[in-house]
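See below for the structure under consideration.
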Amino acid sequence: MDFRAVFAGLAFSLMWSSAFTSARLVVADAPPLFALSARFCVSGLLAVGIAAALRQSWKMSRKQWGAVILFGLFQNAIYLGLNFVAIQWVEASVAVIVASLLPLLVALASWLIYRERLPLLGSAGLALGFAGVAVIMGGRLSAGVDPFGLLLMFLGALALTVATLLVRDALPRGNLLMIVGLQMLAGSAALLPAALVHDTWHLHWSLSLVLAFTYTTLVPGIGATVVWFWLVRRIGATRAATYHFMNPFFGVAVAALVLGERLGARDVLGVAVVGAGILAVQLSRRPA
C-alpha cells in the first residue's frame, strides 16, 4: 500500500472538508462571491510570490496554460462559487456530503472519456464508499434542506468533476506552487464580474470573519490544493477522488465542533463504511 498517498489523501480531505465550515462563517459577515474572489486573489498572490522566490517558472505550453485557466474556472469559480452562494442556506455538513459524490462522477467520466477501469476490488470499494455516503446523507436529509441550495451544490460537484479530469496529464511537474497560484488568480478574476452582478454588499467586520477568512485562504486555499495536485499525479484522478469519500465525516465533525451542527450515530457508522471503501480502492492498486 502507498502509505504516503494514504496520509496525503486523509490530510487533503480534512483540510478540504474544513473549508465548508470556514466558508459558512465567512458568508455570515461578507458577500459570498466577493469574499471568495478576495480569498483566491490573496492565496494566488501568496502562492505565486513563494513560487517565484523558489525560482519556479511560470513558462508553460499553450496546452498547459489552458489547463491552468480552465481548472481555475471550473473548480475555483464555478464549483466553489456555487457552494459559497448555497452555503448561505445549506448546512456545512450537507455541503461536504454532496461533494463526496465526486469519486463516482470522476470514475464514470474517466470510463466514458478515457476508458479507464478499476479492478473488481477497486470498483467494490467505490460502491462501498458511496454506500457510506448514503448512510450519512440519509440522516441529514431527514431534517430537510433548501432545494435550490442543494441544486447549486450538485451543479458545483459536476464542475469539480471536470476540473479533476482537466489536471490529467496536462500540467507540468516542476512548478507545482506556481500552477496553484495561477489557477487561483484565474478563479479570482472569473468570480469578480459574477460578484458585481450577484452580490448585495454587506460587510460586518468581526474576529470570526478575520479568522475564518485567514484560515480558508491559507489551509484549504493553498495547502489542500497543493496536496491535491500531488495526489492526482501520484495515484491518478479516479483513485485520488476516492478521498472525497472521507469528506462527510471530517466535514460533519468539524461543523459539529465549530458550528454546533449535530453529529449522530449514523455519521459514525457511515465513516466506517467509507474507510473500508478507501482501503479497498488502495489495495486494488498493488501490483499482481
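Brief remarks on what is shown
- Checked against (1) part of a helix (DSSP H, G or I); (2) in contact with a helix residue (DSSP H, G or I) (Cβ under 9 Å, 6 or more places away or on another chain); (3) at pLDDT below 90, TRP58 meets all criteria but (1).
- Index of the failed condition, ALA134 passing every other in (1) within 23 Å of THR242 (Cα to Cα); (2) small (Gly, Ala, Ser); (3) under 17 Å from the mean Cα position of the chain (by Cα): (3)
- The lone criterion from (1) farther than 30 Å from ALA276 by Cβ; (2) surrounded by fewer than 24 Cβ atoms within 10 Å (Cβ to Cβ); (3) of a type in the set (A, V, I, L, M, F, W, C) left unmet by LEU14 is number (1).
- Single residue of PHE12, PHE84, PHE3 found to be farther than 15 Å from PHE213 by Cα, of a type in the set (Phe, Trp, Tyr) and under 13 Å from the mean Cα position of the chain (by Cα): PHE12
- Enumeration of residues in the range 52-75 that are surrounded by 14 or more Cβ atoms within 10 Å (Cβ to Cβ) and of a type in the set (A, V, I, L, M): ALA52, MET60, ALA67, VAL68, ILE69, LEU70, LEU73
- GLY125 being over 20 Å from the mean Cα position of the chain (by Cα), surrounded by 21 or more Cβ atoms within 10 Å (Cβ to Cβ) and modelled with pLDDT of 80 or more: yes
- Among the candidates SER37, SER93, SER110, SER61, the residue that is under 19 Å from LEU231 (Cβ atoms) and of a type outside the set (Phe, Trp, Tyr) is uniquely SER110.
- Selection of the range 36-51 for residues being farther than 15 Å from ASN175 by Cβ, buried (at least 20 other Cβ atoms within 10 Å of the Cβ) and not basic (Lys, Arg) yields LEU36, SER37, PHE40, SER43.
- Considering (1) surrounded by 14 or more Cβ atoms within 10 Å (Cβ to Cβ); (2) out of contact with any helix residue (DSSP H, G or I) (no Cβ under 8 Å at 6 or more places or on another chain); (3) among the small types (Gly, Ala, Ser), the lone condition that ALA265 does not fulfil carries the number (1).
- Selected residue (only one of ALA19, ALA52, ALA38 is under 30 Å from LEU279 (Cβ atoms) and part of a helix (DSSP H, G or I)): ALA19
- Condition met for ALA8 (part of a helix (DSSP H, G or I), touching a Phe, Trp or Tyr at 6+ places or on another chain (Cβ under 8 Å), surrounded by fewer than 22 Cβ atoms within 10 Å (Cβ to Cβ) and not hydroxyl-bearing (Ser, Thr, Tyr)): yes
- Helices (runs of 4 or more DSSP H) wholly inside the range 196-270 containing at least 2 residues that are among the basic types (Lys, Arg) and within 25 Å of LEU166 (Cβ to Cβ): 225-235
The values are calculated or read from the model by the stated rules, or taken from the named source; none is laboratory data. Note that this is a predicted model, so its numbers are computed, not measured. A quick note on method: Cβ atoms are made from the backbone with ideal geometry, for glycine too, and the neighbour counts reach across all protein chains shown.
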